Amino acid sequence: EASLTNAPNFTDEENPTIKYSNPAGSGMSSLQACIASTDGEILVSYRNVNKTSSSYTFSLTEAERESLRAAAPDSNSLPVRFYLKSVLNGSESVDYFSNNNRD
């Protein structure tokens, strides 16, 4: 299964880059990443990430930046989780990182 190895703190103006490990490489059926609130609400939709790479940079749309801002209307910071969903041989697994830490 693929796993996240690092996920950054980032501002609503940046495009965050995650780092991951995928030992199955191109044998992985699907590899996708998203950004969600700590309660699981997806704020930045799943995107396909390169199965044979070790990093991915989200290119956030203005709508996604707005959804991040709206999730914390009374604060200038928001805890988030980066999710990495992998499918190998029909079996799905999800790994996550919360603002630079595993919970």
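The values are calculated or read from the model by the stated rules, or taken from the named source; none is laboratory data. Since we're looking at a predicted model, the values are computed, not measured. Counting neighbours? That spans all protein chains shown, and the Cβs are built from the backbone with ideal geometry, glycine included. With ligands, DNA and RNA removed, areas are computed over all heavy atoms of the protein, side chains included. Shrake-Rupley method; radii C 1.70, N 1.55, O 1.52, S 1.80 Å.
Here are some notes:
- Contour minus Cα-Cα distance for Glu13 and Ala72 (0.36 nm per residue): 19.8 nm
- Both radii were evaluated on the Cα set of segment 46-103; the Rg over Rh quotient, with Rh as the Kirkwood radius, amounts to 1.02.
- Cα-projected label distance for Ser53 with Ser30, points at 7 Å along beta-carbon direction, nm: 2.0 nm
- 12 Å beta-carbon shell around Val94, net charge (K/R +1, D/E -1): -1
- Cα convex hull of the chain - mean projected area over all directions, nm²: 6.1 nm²
- Carbon/sulfur fraction of accessible area - the chain, other protein chains in place, 1.4 Å, %: 43 percent
- Over the chain: helical MRE at 222 nm, DSSP H runs n ≥ 4 each giving -39500 (n - 2.57), nearest 500: -2500 deg cm²/dmol
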